[in-house]
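Engineer: Sharing a structure with you now.
The values are calculated or read from the model by the stated rules, or taken from the named source; none is laboratory data. Since we're looking at a predicted model, the values are computed, not measured. Cβ sites come from the backbone with ideal geometry, for glycine too, and all protein chains shown count toward neighbours. Surface accessibility is based on the protein's heavy atoms, side chains included, excluding ligands, DNA and RNA. Shrake-Rupley method; radii C 1.70, N 1.55, O 1.52, S 1.80 Å.
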Amino acid sequence: MIMKTMKIGDLTNKIGSGVTPRGGEKVYQLEGTSLIRSQNVYDYQFVKNGLVFIGEDVAARMKGVEIYRNDVLINITGDSIGRCCIVPDDAIPARVNQHVCILRADRSRLNPRYLMYYLNEPMNKNQLLNQAHGGTRKALTKGILESFEINVPPLSIQERIVEILGSLDEKIELNRRMNETFEQMAMALYKHWFVDFAPFEEFMDNDLPIGWRWGTLNEISYVHKVQVDPSELDETCPYIGLEHMPKGNVTLEEWENSNKVTSHKFMFGKGDILFGKLRPYFKKVGVAPIDGVCSTDILVLKPLKNEYFGMLFGQVIQDAFIDYCTSTSGGTKMPRCDWKEMAKYNVPIPPDSIRNEFNQKTAAFVDQIVANIHENRALIETRNYLLPRLLSGEIEVRAAEEQVEEVLAGG
Amino acid sequence: MASAKADINFEKELFEAANRMRATVAPADYKHIVLPLIFLRYLSLRYDKRRKELEVQLSDPNSPMYFSDEEIVREILEDRDQYIAERVYVLPEEAHWSYIVKNAKQPNIKEILDNAMKLIEAENDDLVGVLPRIYRSTNLPIENLASLIEIFSRDTFSSSSDDAVDVLGRVFEYFIGNFASSEGSRGGQFFTPSSIVELLVAMLEPESGTFLDPACGSGGMFVQSQRYSKNKYALSFYGQESVDLTVRLGKMNVLMHGINADIRLGDSLLNDQYKDQQFDFVIANPPFNQKLWGAEKIQKNDPRLITDYDKAVTDGNANYMWMQHFLYHLKDGGTAGFVMANGAMTTNNSGEKDVRQKLVDEGYIDCVVQLPEKLFFTTGIPCCLFFLSKNRDGEKGYRARKNEMLFIDARKKGVMVSRKQRVLTQEDIAEIAAAYHTFRSVNGKFESVEGFFKVATIEEIQGNDYKLTPGIYVGTEETEIDDVPFEEKMTELMCRLQEQFIESNRLQERITRNLEALIS
């Protein structure tokens, strides 16, 4: 493969970061032009959670850092320095603040996605970050980015590499969105049956359908509190800490090996519900996709009987329940909720037949979520394996046209 | 509105100007240099005003004080009693602001200032121990001192300006608050932000009677309470504070606001200056979670302890010793309101929980308010308010409620005024105070508001292991109902899922094709 080594500055039409609009949070609005901050930029992935918006006047003043389609974004300061992704079309119109830099590829020579993959390749990223200086605070300057040298094959090859990696990333992203859909369906179904009681026709004086009764959360579930000493752990045993759990999303896609674990942890099994008890308003609740160990700041919830799983899952992801946990939590700086209080939470308990039917429906959603998590782990592993090899030319690709020709010739 | 804003800008600008002269002096020390200058300015102002008043009366032929003899006029103008009678302090010439301004650029200005303080104290008995002599020992460059003197010599502070006295009082208070926000905290002591003081005062309604703050700092609670009281002299203030320089600032602060307060020096817990005295109100913001405070020095028979010594005192945390101190100093019929660290509501430590249990069982706790986070300048620490009362038997016009407690969860109140700081609005304060007043009132029709406040019985509290977190009792607010009907919501989700399935199939084919091409 023919590679040229060139400076990013010579392959781009714009490199530049933005400013933080004066007035801080007061200038943020519910809609308008997106203001992209470092918390929106992850590796390969743009995260909409926490995206803020600014009004026309502020946006007009920041015209200089207007985002175009397919701009590459890279974080240039702070803990998340080096994180890099492509701006999604639906975040535009947009501006960036001073922690995020725009790299606008010259499309006649550089595919923007190729640049994004190039900068996310671990060796390349290390090389770039080694140059970040600035005393106590690391920072990538415009100068560093401009003069950073990258290897570029011809555009047609770049496009081919981007297609291979991009199809994997699109599927990863799609699986995440599908899981959000499944989660919303499970929530909507629980609310329909257990909050609105809509499918039922006859009610008793206590506002419950006939055959139901009020119970408490500890009548359907318990906390599985089995401590394990780190020295007894197989070092490939998965470990989930609060840092791995996303806020307001049951999909637990991240974990690490427990080899770095030094203190006692709780054991959990695949299918258990993990409930982050520190600052419960973050709503870190999810279903364990594997067996493993977790932080002692996570409650491992199990249904008392397998058939109770659906009810339990539906209940603990309701916002009203999270609010209850928040309002009953103790502690000054780091409020933690307490199972003693949570256990008392009132839950409607249906007759067995309804409970079983509901459990099957919920379990179907949850099984799909877990299956997608495993698929994503495999997709990510594939991408990470291919990325350096495709970029170095170790795995050779042919330009798209050649392949088309081959297909035509073959056909 | 516009003028209020302009005022704040004026105070802010002044503070920034003064702070620019700080040089290498630590922020915590700098206030002891700056604030006495403001006080000196104030003393001169009051003196000049009185003198001008006298001059007018003495030269007006229609006035009963009219004298044509210049000798007599001068004598009367120099007569100390003419000033003391009007609660104005007598200023020797070398302590007067005009003298200080004239000598501001002299190399011995530090000595002049210390000397001025000495002369004032010598002339006025009740200022003894108030004014510091620190200028000679400070390493603040004399040019900076000269600039400070210049800043406080502005026209706004001259006797020709009608409200100069009020302005100086406000400036003094503003400076105290801003120094607090710039110097950080020490040992759990936080300057009480005005919205918390306002809330405490609004809930307690101290209109008349005696008032103790045993952790009074620079006297912020007194200034605020006096604003609340309709009759300026209906409240008598008593305070105690353990840091000498802070006691001095507190005395200056109350004087500048025209309040007569008795502020004494000493550690309230270990060296109580008000032994055997009881008050109508106790209001305080004691240091949070003080450790190693000297519990071993408390006597076994200390009258403040409400349970056995071993259960009532711990060196691990002074919170509950403070509470026993407050309770002890309450008269029958009196009420205490104070700020507390959140941990006190739930702690299970011995020496703390037993006291809480006793306070609940004996019916002393009237109300607990959980406040939102970020109300303090220098810390995001969340805190709460406790109200202890010896007025719960249905006397003095209040409702009998010994078996009940009011819980208020105010965590959702307040607005952010900067990225780091929240304040309670006037409406929030009125709403919270109204809930408490209704709870106490004989005729109050009390209805709990889900997620905001609720009355709980002692039995309920006992059933919850004596935890006092309002959230446990008030429940959660009705969450907004997602009003999309189920069928519609589910149909929308299913459509989305169908599209995602189709896209998923397409992507799977694409990925398979791409990967196969790599190995073919």
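Engineer: Do we find a residue being assigned to a loop (DSSP other than H, G, I, E, B) and within 30 Å of B:E373 (Cβ to Cβ) anywhere in the stretch A:255-277?
Structural biologist: Yes: the stretch A:255-277 contains one or more residues that are assigned to a loop (DSSP other than H, G, I, E, B) and within 30 Å of B:E373 (Cβ to Cβ).
Engineer: Let me ask you something else. B:D409 passes all but one of (1) closer than 23 Å to A:W339 by Cα; (2) at pLDDT below 90; (3) at the interface with chain A (Cβ under 10 Å from one of its Cβ atoms); which number fails?
Structural biologist: So the condition that B:D409 fails would be (2).
Engineer: For the condition open to solvent by less than 50 Å² (accessible area, probe 1.4 Å), of a type in the set (K, R) and touching a residue at least 60 places away in the same chain (Cβ under 8 Å), what is the one hit in B:K390, B:K413, B:K396, B:K467?
Structural biologist: On inspection, the qualifying residue turns out to be B:K467.
Engineer: Inspect all residues belonging to the stretch B:188-199 and state whether any of them is closer than 26 Å to B:A435 by Cα, outside any helix (DSSP H, G or I) and either of a type outside the set (V, I, T) or at pLDDT 90 or above (or both).
Structural biologist: Yes, some residue in the stretch B:188-199 is closer than 26 Å to B:A435 by Cα, outside any helix (DSSP H, G or I) and either of a type outside the set (V, I, T) or at pLDDT 90 or above (or both).
Engineer: Of the residues A:K284, A:K265, which single one is open to solvent by 30 Å² or more (accessible area, probe 1.4 Å) and charged (D, E, K, R)?
Structural biologist: Criteria check complete, one pass: A:K284.
Engineer: Sticking with this one: Could you list, in sequence order, the residues of the stretch B:423-448 that are surrounded by 13 or more Cβ atoms within 10 Å (Cβ to Cβ) and modelled with pLDDT under 85?
Structural biologist: B:G444, B:F446, B:S448
Engineer: Identify all residues within the stretch B:110-132 that are open to solvent by 40 Å² or more (accessible area, probe 1.4 Å) and either outside any helix (DSSP H, G or I) or not polar (S, T, N, Q) (or both); write none if there are none.
Structural biologist: B:E111, B:K118, B:L119, B:A122, B:E123, B:D125, B:D126, B:V128, listed by residue number.
Engineer: Additional query: Which members of the stretch A:219-246 meet the condition of being touching a helix residue (DSSP H, G or I) at 6+ places or on another chain (Cβ under 8 Å), at pLDDT 90 or above and either over 30 Å from A:M311 (Cα atoms) or not hydrophobic (A, V, I, L, M, F, W, C) (or both)?
Structural biologist: A:S221, A:P238, A:Y239
Engineer: So if I check each of A:L233, A:L189, A:L174, A:L168, which one is surrounded by 15 or more Cβ atoms within 10 Å (Cβ to Cβ), farther than 28 Å from B:E488 by Cα and within 10 Å of chain B (Cβ to nearest Cβ)?
Structural biologist: Details: A:L233 fails: within 10 Å of chain B (Cβ to nearest Cβ); A:L189 fails: farther than 28 Å from B:E488 by Cα; A:L174 fails: farther than 28 Å from B:E488 by Cα.
After ruling out the rest, the residue left standing is A:L168.
Engineer: Another question about this same structure. Mind listing whichever residues of the stretch B:402-422 are more than 25 Å from B:S441 (Cα to Cα) and not hydrophobic (A, V, I, L, M, F, W, C)?
Structural biologist: B:K412, B:G414, B:S418, B:R419, B:K420, B:Q421, B:R422
Engineer: Could you pull out the residue among B:K291, B:K297, B:K275 that is at pLDDT below 95 and in contact with a Pro (Cβ under 9 Å, 6 or more places away or on another chain)?
Structural biologist: None of the other options fit; the residue is B:K275.
Engineer: Mind listing whichever residues of the stretch B:251-282 are of a type in the set (G, A, S) and within 27 Å of B:K390 (Cβ to Cβ)? Show your work before the answer.
Structural biologist: The initial filter retains those residues of the stretch B:251-282 that are of a type in the set (G, A, S), namely B:258, B:261, B:266, B:268.
B:A261, B:G266, B:S268 - these are the residues of the stretch B:251-282 that are of a type in the set (G, A, S) and within 27 Å of B:K390 (Cβ to Cβ).
Engineer: Any chance you could count how many residues in the stretch B:140-171 are surrounded by fewer than 18 Cβ atoms within 10 Å (Cβ to Cβ) and in contact with a Ser or Thr (Cβ under 7 Å, 6 or more places away or on another chain)?
Structural biologist: The qualifying residues number 1.
Engineer: Determine whether the stretch B:102-109 contains at least one residue that is outside any loop (DSSP other than H, G, I, E, B) and open to solvent by 10 Å² or more (accessible area, probe 1.4 Å).
Structural biologist: Yes.
Engineer: A follow-up question, please. Every residue in the stretch A:153-165 that is more than 11 Å from every other protein chain (Cβ to nearest Cβ) and either open to solvent by 10 Å² or more (accessible area, probe 1.4 Å) or not in a helix (DSSP H, G or I) (or both), please. Walk me through it before giving the result.
Structural biologist: Restricting attention to the stretch A:153-165, the residues satisfying the condition of being more than 11 Å from every other protein chain (Cβ to nearest Cβ) are A:153-159.
Result: A:P153, A:P154, A:L155, A:S156, A:I157, A:E159.
Engineer: So which of B:Y135, B:Y174 is under 25 Å from B:Y89 (Cβ atoms), in contact with a Lys or Arg (Cβ under 9 Å, 6 or more places away or on another chain), modelled with pLDDT of 75 or more and open to solvent by 30 Å² or more (accessible area, probe 1.4 Å)?
Structural biologist: Selected residue: B:Y174, the only one of B:Y135, B:Y174 that is under 25 Å from B:Y89 (Cβ atoms), in contact with a Lys or Arg (Cβ under 9 Å, 6 or more places away or on another chain), modelled with pLDDT of 75 or more and open to solvent by 30 Å² or more (accessible area, probe 1.4 Å).
Engineer: Which ones in the stretch B:493-520 are within 60 Å of the chain's Cα centre (by Cα) and either surrounded by 16 or more Cβ atoms within 10 Å (Cβ to Cβ) or facing chain A (nearest Cβ under 7 Å) (or both)?
Structural biologist: B:L493, B:R496, B:L497, B:Q500
Engineer: How many residues does the stretch B:276-293 hold that are aromatic (F, W, Y) and not in a strand (DSSP E or B)?
Structural biologist: 2
Engineer: Quick test for you: out of A:E180, A:E243, A:E219, pick the one residue that is within 14 Å of another protein chain (Cβ to nearest Cβ) and either within 30 Å of A:K4 (Cα to Cα) or open to solvent by 20 Å² or more (accessible area, probe 1.4 Å) (or both).
Structural biologist: A:E180
Engineer: Within the stretch B:315-336, count every residue that is surrounded by fewer than 21 Cβ atoms within 10 Å (Cβ to Cβ) and assigned to a loop (DSSP other than H, G, I, E, B).
Structural biologist: Qualifying residue count, the stretch B:315-336: 2.
Engineer: Can I ask one more? Give the residues of the stretch B:367-387 that are crowded, with 22+ Cβ neighbours inside 10 Å, modelled with pLDDT under 95 and more than 13 Å from chain A (Cβ to nearest Cβ), sorted by residue number.
Structural biologist: The one that is crowded, with 22+ Cβ neighbours inside 10 Å, modelled with pLDDT under 95 and more than 13 Å from chain A (Cβ to nearest Cβ): B:L375.
Engineer: Follow-up question, since we're still on this one. For residues that are in a strand (DSSP E or B) and polar (S, T, N, Q), scanning just the stretch A:8-27, find the one that is least open to solvent (accessible area, probe 1.4 Å).
Structural biologist: Restricting attention to the stretch A:8-27, the residues satisfying the condition of being in a strand (DSSP E or B) are A:12-17.
Those left that are additionally polar (S, T, N, Q): A:12-13, A:17.
Numbers: A:T12: 20, A:N13: 112, A:S17: 51 Å².
Per the stated criteria, the residue is A:T12.
Engineer: Ok, one more. Name, by its number, the condition in (1) without any contact (Cβ under 8 Å) to a residue 40 or more places away in the chain; (2) in contact with an Asp or Glu (Cβ under 9 Å, 6 or more places away or on another chain) that does not hold for B:P107.
Structural biologist: Condition (2) is where B:P107 drops out.
Engineer: Out of A:Y68, A:Y44, I need the residue that is assigned to a loop (DSSP other than H, G, I, E, B) and surrounded by 20 or more Cβ atoms within 10 Å (Cβ to Cβ). Which one? Don't jump to the end; show me each part of the working.
Structural biologist: Numbers: A:Y68 fails: surrounded by 20 or more Cβ atoms within 10 Å (Cβ to Cβ).
Only one candidate passes the filter, namely A:Y44.
Engineer: Additional query: Sort out which residues of the stretch B:83-101 are over 18 Å from B:V165 (Cα atoms) and open to solvent by 50 Å² or more (accessible area, probe 1.4 Å), and write them in order of number.
Structural biologist: If the condition is that a residue be over 18 Å from B:V165 (Cα atoms) and open to solvent by 50 Å² or more (accessible area, probe 1.4 Å), then B:A85, B:E93, B:E94, B:Y99, B:V101 are the ones that fit.
Engineer: Do we find that B:K420 is under 19 Å from the mean Cα position of the chain (by Cα) and assigned to a loop (DSSP other than H, G, I, E, B) in this structure?
Structural biologist: So B:K420 passes the test.
Engineer: Okay, next question. Considering each residue of the stretch A:75-104, count those that are out of contact with any Gly (no Cβ under 7 Å at 6 or more places or on another chain), modelled with pLDDT of 90 or more, open to solvent by 10 Å² or more (accessible area, probe 1.4 Å) and part of a strand (DSSP E or B), and give that number.
Structural biologist: Number of matching residues: 2.
Engineer: Inside the stretch A:324-372, can you point out the residues that are open to solvent by 20 Å² or more (accessible area, probe 1.4 Å), without any contact (Cβ under 8 Å) to a residue 40 or more places away in the chain and in a helix (DSSP H, G or I)?
Structural biologist: A:Y324, A:K340, A:S353, A:E357, A:A364, A:D367, A:A371
Engineer: Here are some conditions: (1) more than 9 Å from chain B (Cβ to nearest Cβ); (2) open to solvent by 60 Å² or more (accessible area, probe 1.4 Å); (3) at negative phi. A:D207 meets all but one. Which one does it not meet?
Structural biologist: All conditions pass for A:D207, except number (3).
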